[in-house]
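The values are calculated or read from the model by the stated rules, or taken from the named source; none is laboratory data. Treat the numbers as computed from the prediction; the structure is a model and nothing was measured. Backbone-built Cβ (ideal geometry, glycine too); neighbour counts: all protein chains shown.
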Amino acid sequence: MRVFAHRGYSGRYPENTMLAFQKAAETGCDGIELDVQLTKDGTVVVIHDESIDRTTDGTGFVKDLTFEELRAFNADAVCGGIHGFVPVPTFEEYCIWAKDQELVTNIEIKTGVYYYEGLEEKTLELVRKYGLEKKVIFSSFNHTSIIRLKELAPGIPCGALLEYPGLGNAGYYCNRYHFECYHPGVKGLTKEAVDNCRKYGILVNVWTVNDMSALEQVYEWGCDSVISNFPEICKRWVQSKER
């Protein structure tokens with residue numbers, strides 16, 4: 001079972017920053033999950049919330065800020081500034097780093113609240129520019145975004161993100177729309193849904209697995225990946241089971 005670092009090593013470092021990604025890579029995890037949005041001037045940036053209020057020392061919405069304005073805020077403010085100044089990264093900055101890493105990147109397209117015009121195309125352009133086509137998965141809660149990406153890049157795996165409680169016949173659903181993966185929330189996942197995915201050859205990548213009982217359960221059910229804020233702990237446990 002693979003382990004993805006949720007927004008990087010977000011359990012210990014400021015989420016969705018290069019620091020969190022670099023620290024995640026040091027744990028030996030298999031992949032990184034991150035989120036992309038567009039600034040006012042069309043730069044693809046890595047950030048989870050549509051607002052910057054929770055994750056930086058600034059206020060406002062990503063869509064209303066230029067990249068230069070966004071870059072002035074410190075993402076380490078949520079950690080008390082103990083790591084110094086840690087900016088919000090561009091997705092291109094991440095790609096330049098990721099092209100030399102043995103990691104799979106799960107790219108969540110954040111179009112569920114505000115539909116950014118051209119986000120899918122701009123993100124895919126950067127993936128192709130740095131030769132990452134075989135090292136990424138696209139996912140989104142807005143399934144029109146991954147349908148669009150399937151049209152643009154049929155060979156890149158896509159995952160259907162679902163809120164709780166998810167879908168009971170998720171395997172059929174994903175197969176119907178040519179999605180290779182199902183990305184359910186762990187709290188609503190059932191063995192029946194996992195079995196349905198197995199029936200249709202769909203990979204099950206579960207978020208956000210941060211406690212041992214959940215980790216043990218999804219491993220027992222045969223899930224393919226977990227997405228966790230604590231990749232080091234998860235990876236060590238999985239390795240102990242698979243020796």
Could you list, in sequence order, the residues of region 194-207 that are crowded, with 19+ Cβ neighbours inside 10 Å and not in a helix (DSSP H, G or I)? 202, 203, 204, 205, 206, 207
Cβ contacts < 7 Å: first residue of a type in the set (S, T, N, Q), restricted to region 37-51; second residue buried (at least 23 other Cβ atoms within 10 Å of the Cβ) and in a strand (DSSP E or B), any location; separation 6+ or different chain. Result? 37/45; 39/45
Qualifying positions in region 132-153 - hydrophobic (A, V, I, L, M, F, W, C), out of contact with any Lys or Arg (no Cβ under 9 Å at 6 or more places or on another chain) and more than 19 Å from residue 167 (Cα to Cα): 136, 137, 149, 152
Quick one: in region 21-71, which of the residues that are within 14 Å of the chain's Cα centre (by Cα), part of a strand (DSSP E or B) and not hydrophobic (A, V, I, L, M, F, W, C) is surrounded by the fewest Cβ atoms within 10 Å (Cβ to Cβ)? 35
Hey, can you tell me all the residues within region 179-193 that are closer than 21 Å to residue 152 by Cα and either part of a loop (DSSP other than H, G, I, E, B) or at pLDDT below 95 (or both)? 179, 180
So residue 92 ticks every box in (1) within 16 Å of residue 44 (Cα to Cα); (2) among the acidic types (Asp, Glu); (3) surrounded by fewer than 16 Cβ atoms within 10 Å (Cβ to Cβ) but one. Which box is left unticked? (3)
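Yes/no per residue for (1) of a type in the set (Ser, Thr, Tyr); (2) in contact with a Leu (Cβ under 7 Å, 6 or more places away or on another chain):
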{"site": "119", "(1), (2)": "no, yes"}
{"site": "123", "(1), (2)": "yes, no"}
{"site": "129", "(1), (2)": "no, no"}
{"site": "133", "(1), (2)": "no, no"}
{"site": "138", "(1), (2)": "no, yes"}
{"site": "145", "(1), (2)": "yes, no"}
Does residue 223 satisfy the condition of being in contact (Cβ under 8 Å) with a residue 60 or more places away in the chain, surrounded by 17 or more Cβ atoms within 10 Å (Cβ to Cβ), under 19 Å from the mean Cα position of the chain (by Cα) and assigned to a helix (DSSP H, G or I)? no
Test residue 130 against the criterion of being under 25 Å from residue 43 (Cβ atoms), of a type in the set (Ser, Thr, Tyr) and touching a residue at least 60 places away in the same chain (Cβ under 8 Å), and give yes or no. no
When you scan region 70-106, how many residues do you find that are among the acidic types (Asp, Glu), within 24 Å of residue 128 (Cβ to Cβ) and touching a residue at least 24 places away in the same chain (Cβ under 8 Å)? 2
Out of the residues in region 133-142 that are farther than 15 Å from residue 121 by Cα and in a helix (DSSP H, G or I), state the one that is nearest to the chain's Cα centre (by Cα). 135
Which one of the conditions (1) of a type in the set (Ser, Thr, Tyr); (2) touching a residue at least 60 places away in the same chain (Cβ under 8 Å); (3) more than 20 Å from residue 135 (Cα to Cα) does residue 66 fail to meet, given that it meets all the rest? (2)
Condition first: closer than 23 Å to residue 204 by Cα and touching a helix residue (DSSP H, G or I) at 6+ places or on another chain (Cβ under 6 Å). Can you find one or more residues in region 85-104 that meet it? yes
